[in-house]
Amino acid sequence: MLLCSMENGEPVISLTRYRDLLQARDVREIFAASFIGRLPIGITGLAVLLFVQAALGSFAQGGAAAAFYMAGLAIMAPIFGRVIDRRGPRAVLSATGVLFPMALISLVWTIERFGAPAILLAAAVGATFPPITVCMRTYFRQRLANELLLSTAYSLESVLIELIFILGPVLVALFVAFASPALAVYFAAACGAAGALLFLRSAAVRTWKIEPRTSARLLGPLGESGFIPLVIVVLCFAAAFGFLEIGVTAYATESGSVALAGLLLGLMSVGSAFGGLAYGSRSWRLPLAPQFSLLLALMGVGLALLALASHPAAFAAIGFATGIVMAPVLIVQSMLVAKSVRPEHTAEAFTWSASALLAGVGLGLAGGGLLLETHRSSAAIAGAAASALAGAALARLTLRNR
């Protein structure tokens, strides 16, 4: 991807920085806690959808429950972020570690007992999701003064997310095949509670630094110069992910095998994980803002080529190659968020970027669905390409070099 030194037969992925990063016990602890606590990211939405569909016999009601879950997550995230910035993570993680499993259990109980869709409970599930991701990213900014190690930490974190998105749906499928969708929901509840507890017991919480406030701005990070343009760029490339997901599903349906969608999206995730590991193991010459626009442009070009692919083998190969830049895009986004705001706004800034990511994916899914009413899958994938290229142009025009 970006040009870097390859002298002396240096491998594409070097594990040296990852080894240096993981030598610290506190870093190992929060990676372990975050893996368990964030498994529900890859499980909950799908598990809730399938549970509601199985219980009520309606995909529409299942989709509505999943949508309300995502809405609750997006709405509450910035509020949690502000509390974490001002008070630290202990109270928020303690509360959500209890309320999240309670909300999921209540959802299952209400639907099984009364046969109602319980969309407000689905929203409560999202609203009480333990904010482990933002705690992890904020702690890394506090803990790792070395920017190269910080980049490596965000790279490993992005690979972990890719693994969760691959593993989560597989676990849901296994629960559905050999037990029930309700058990998948209960498993998500247990993981959320266990992950929050493990994070609370980690050194990260004990040594957490609450940054002194240097400004009383009501808008928090939204009042910082350059942050809103970054959020808009995130919204653009997140829409590309939404267009892509529904476009790949439509392509698989057109090819005669809906199951092919899982394989194609899985290959993209494998490519993304490979790109994330490679990115975090190296030093890059370009400043972050030009990196961001370049990576988004490469992503847009790859998606444009994907829209032209007709044979599944070509589609899979182009999808894998395009996936290579996806994790680096998210890594650079995290680095830019950390650099765009004052230290006392870090947690809230990460939650705003996460909310923009969720909103963008939702817009892309909705837009792709509208296109698929009258066009083939290539139109939705072309929409993904256009969104990524728009993000690249906006990043180039609005983000300062950092």
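The values are calculated or read from the model by the stated rules, or taken from the named source; none is laboratory data. Computed from a predicted model, the values in this text were never measured in an experiment. Glycine gets a Cβ as well: all are built from the backbone with ideal geometry, and neighbour counts include every protein chain shown.
Run Ile13 past the list (1) closer than 23 Å to Ala123 by Cα; (2) modelled with pLDDT under 90; (3) not basic (Lys, Arg) and report the number of the one that doesn't hold.
Unmet condition: (1).
Quick check on Thr96: is it within 25 Å of Leu219 (Cβ to Cβ), among the polar types (S, T, N, Q) and either in contact with a Pro (Cβ under 7 Å, 6 or more places away or on another chain) or at pLDDT 90 or above (or both)?
yes
Looking only at the range 284-308, which residues are within 14 Å of Ala384 (Cα to Cα) and touching a Ser or Thr at 6+ places or on another chain (Cβ under 9 Å)?
Hits for the range 284-308 are Leu298, Met299, Gly300, Val301, Gly302, Leu303, Leu305, Leu306, Ala307, Leu308.
Within the range 128-150, which residues are hydrophobic (A, V, I, L, M, F, W, C) and within 24 Å of Ala188 (Cβ to Cβ)?
Phe129, Ile132, Val134, Cys135, Met136, listed by residue number.
Residue check, Gly319 against (1) closer than 23 Å to Leu46 by Cβ; (2) of a type outside the set (A, V, I, L, M); (3) outside any helix (DSSP H, G or I); (4) touching a residue at least 12 places away in the same chain (Cβ under 8 Å), all met but one. Which one?
(3)
Taking the range 373-392 on its own, how many of its residues are buried (at least 24 other Cβ atoms within 10 Å of the Cβ) and closer than 16 Å to Ser255 by Cβ?
Number of matching residues: 2.
Going by the structure shown, is Phe31 surrounded by 15 or more Cβ atoms within 10 Å (Cβ to Cβ), out of contact with any Ser or Thr (no Cβ under 6 Å at 6 or more places or on another chain) and at pLDDT 90 or above?
In short, yes.
Any idea how many residues of the range 127-153 are part of a helix (DSSP H, G or I) and under 22 Å from Arg201 (Cα atoms)?
Residues that pass the stated criteria total 13.
Pairs only if they're at least six apart or on different chains, beta carbon under 7 angstrom, first in the range 265-278 and among the polar types (S, T, N, Q), second buried (at least 22 other Cβ atoms within 10 Å of the Cβ); list them, first residue then second.
From the range 265-278, the pairs are Ser269/Glu162; Ser269/Gly323; Ser272/Glu162; Ser272/Gly323; Ser272/Ile324; Ser272/Met326; Ser272/Ala327.
Hey, can you tell me all the residues within the range 282-324 that are under 18 Å from Ile246 (Cα atoms), among the polar types (S, T, N, Q) and more than 23 Å from the chain's Cα centre (by Cα)?
Ser310
Search the range 83-125 for residues being aromatic (Phe, Trp, Tyr) and over 12 Å from Ala193 (Cα atoms), and hand back the single one that is surrounded by the most Cβ atoms within 10 Å (Cβ to Cβ).
Filtering first and then ranking leaves Trp109.
Anything in the range 175-184 that is more than 15 Å from Pro40 (Cα to Cα) and in a helix (DSSP H, G or I)? List them, or say none.
Matches in the range 175-184: Val176, Ala177, Phe178.
Kindly indicate whether Ala55 is of a type outside the set (Val, Ile, Thr), in contact (Cβ under 8 Å) with a residue 24 or more places away in the chain, within 16 Å of Ile119 (Cβ to Cβ) and in contact with a Ser or Thr (Cβ under 8 Å, 6 or more places away or on another chain).
For Ala55, the condition - of a type outside the set (Val, Ile, Thr), in contact (Cβ under 8 Å) with a residue 24 or more places away in the chain, within 16 Å of Ile119 (Cβ to Cβ) and in contact with a Ser or Thr (Cβ under 8 Å, 6 or more places away or on another chain) - is not met.
Suppose the filter is in a helix (DSSP H, G or I), surrounded by 24 or more Cβ atoms within 10 Å (Cβ to Cβ) and among the small types (Gly, Ala, Ser); does Gly364 pass it?
Yes: the conditions hold for Gly364.
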